[in-house]
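J.: This is the structure, below, for whatever I ask next.
Each value in this text was obtained by applying a stated rule to the coordinates, not by laboratory testing. Since the model is a prediction, treat every value here as computed from it, not as a measurement. When we count neighbours, we look across all protein chains shown, and the Cβ atoms used for this are built from the backbone with ideal geometry, even at glycine.
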Amino acid sequence: MEKSVTVLENTKEGIKVGCDSQACSGCKSEMFCRNKDTTFTVENPSSIPLKKGDKVLIDIPEGRATLSVILSLALPLLLFLPGYFLGRVFFTSEISMALMGFLFMALGFGVSAIIFTLKKRYFSPIVTRKEEE
């Protein structure tokens, strides 16, 4: 899903872009998005010549978007089960087993956060093309 943003500046880290809240309307992540009304850095793998004020389209490749969902949601949920059954080995109380499962789930969220921090550039949007004026 491509979104239109405005180039603010070229930096060593990538292209700094910004968007207004209208660009977020219709996005499925609109309610939870942390990038609303802010600037963020995107990659320009095609080396499209860009200058301040240019309108460009950005996108996250489907494979990366899918991996992002798996890491942020599926990994913690999958870790709940081994935590629960491991709790069954050590505890007899159902509440203790569930708490152990939730502890492993929290571990999954922590691992996801570390991966997203270390691989921030990999999960960043990329410039797909310059928007026609």
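J.: Taking just the alpha carbons, could you work out the radius of gyration and Dmax for the chain, both in angstroms?
T.: Every Cα atom of the chain included, Rg and Dmax give 19.7, 67 Å.
J.: Starting from the Cα-Cα distance between SER124 and LEU8, subtract it from 0.36 nm times their residue separation and give me the gain in nm to one decimal. Walk me through the numbers before you get to the answer.
T.: Values: separation 116, 0.36 × 116 = 41.76 nm, distance 1.66 nm.
Separation in residues times 0.36 nm, less the Cα-Cα distance, equals 40.1 nm.
J.: Ok, one more. Cut-off 20 Å, label point 7 angstrom out along Cα-to-Cβ of ALA98: give me the residues of region 53-82 whose amide nitrogen falls inside.
T.: 76-82
J.: Taking the Cβ-Cβ separation of MET1 and GLU132 as r and a Förster radius of 30 Å, what is the calculated FRET efficiency to the nearest 0.05? Could the numbers behind the result be given before it?
T.: Numbers: r = 18 Å, r/R0 = 0.61.
Once rounded, the FRET efficiency stands at 0.95.
J.: When the Karplus curve 6.51 cos²θ - 1.76 cosθ + 1.60 is applied with θ = phi - 60°, which whole-Hz ³J(HN,Hα) does each residue of region 89-95 get, with x for Gly and Pro?
T.: Karplus-based 3J(HN,Hα) across region 89-95 equals 5, 9, 10, 9, 7, 4, 5 Hz.
J.: Given the -39500 (n - 2.57) contribution per DSSP H run of 4+ residues, what per-residue ellipticity at 222 nm results for the chain, rounded to the nearest 500 deg cm²/dmol?
T.: Values: 3 runs with 49 residues, N = 133.
Calculated mean residue ellipticity at 222 nm is -12500 deg cm²/dmol.
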